[in-house]
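**Q** Provided herewith is a single structure, encoded as structure tokens, for subsequent inquiry.
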Amino acid sequence: MTPLRLAPFVLFAATITASAQTIQVNKENRTIAVTATDKVTVLADTATIHIGFIVFGPDSDWAYATGSRLSNAIIKALTDAEIPADAIQSENQNISPVPDFQNERLTPAERGQRRFQVTQSWTIRTAADDAAKVLDLAVKAGANQSGQIDWSFRDEHAPESEAVAKALKGARAQAQQMAASLNAKLGVLLFASNQTQTELVRPMVAARMMTMDQAPQPLAISPRQIEKSATVYAVFAIE
């Protein structure tokens, strides 16, 4: 709560300026200013999955041809599963010689097969409940460098607005108590500003147990809960 210096029925004189709006705090325009923080915790409804692969070859042509086949196989698996094309975004692609230090522990024959490397990666945006299925499709098609998931909302403003509304309600309650202590009546809201923060609040992946004779199942992936907090600074008139 913002500290206040009180004279009988009058708050100290000040000027508050924000976004070209000026509020005069004086005997003619008495106000109460408070700061309140509140939060909401909401389950993410959208997942952005990072998938990709790396392949090696004895020369750039062989590595590129292998990478091309794998790249197209991954995209085909995704499109065959009716994942929209506009939900799949290229992130990175590269063909380059393998640095010598990466092959130091290999035999000469193994080093000869790993002179060049091709990498490629994408992001796939999908419903949170489909994250495990999409990741499973990509990995089984050959995406051997995959797994990072970013959790979010279709409407990013909805949880933020809810957090701000809760914080503003708390600010009004504080201001009401302060006005009552002054034997005054709380008036209209004159000004408010807010700052929101986002925090992930629980783990993402828990792997299922399976025996060696079972076909591999998708990872047990649960959407994360996301905490949105808002801090509101509000100025109310008092009557």
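**Q** If the Cβ limit is 9 Å and pairs must be 6+ apart or interchain, which residue in region 179-200 that is more than 30 Å from Glu227 (Cα to Cα) and open to solvent by 90 Å² or more (accessible area, probe 1.4 Å) pairs with which residue that is part of a loop (DSSP other than H, G, I, E, B) and not charged (D, E, K, R)?
**A** Asn183/Phe9
**Q** So which residues in region 111-164 are among the hydrophobic types (A, V, I, L, M, F, W, C), closer than 29 Å to Ala63 by Cα and open to solvent by 30 Å² or more (accessible area, probe 1.4 Å), if there are any at all?
**A** Within region 111-164, Phe116, Leu137, Val139 qualify.
**Q** Which condition breaks for Leu70 when tested against (1) farther than 26 Å from Leu135 by Cα; (2) hydrophobic (A, V, I, L, M, F, W, C); (3) modelled with pLDDT of 95 or more?
**A** Answer for Leu70: the failing condition is (1).
**Q** Restricting attention to region 51-89, which residues are open to solvent by 30 Å² or more (accessible area, probe 1.4 Å) and not in a helix (DSSP H, G or I)?
**A** If the condition is that a residue be open to solvent by 30 Å² or more (accessible area, probe 1.4 Å) and not in a helix (DSSP H, G or I), then Ile54, Phe56, Pro58, Asp59, Ala81, Glu82, Pro84, Gln89 are the ones that fit.
The values are calculated or read from the model by the stated rules, or taken from the named source; none is laboratory data. Because the structure is predicted, anything quoted here is derived from the model rather than measured. Glycine gets a Cβ as well: all are built from the backbone with ideal geometry, and neighbour counts include every protein chain shown. Accessible surface areas use protein heavy atoms only, side chains included; no ligands, DNA or RNA. Shrake-Rupley method; radii C 1.70, N 1.55, O 1.52, S 1.80 Å.
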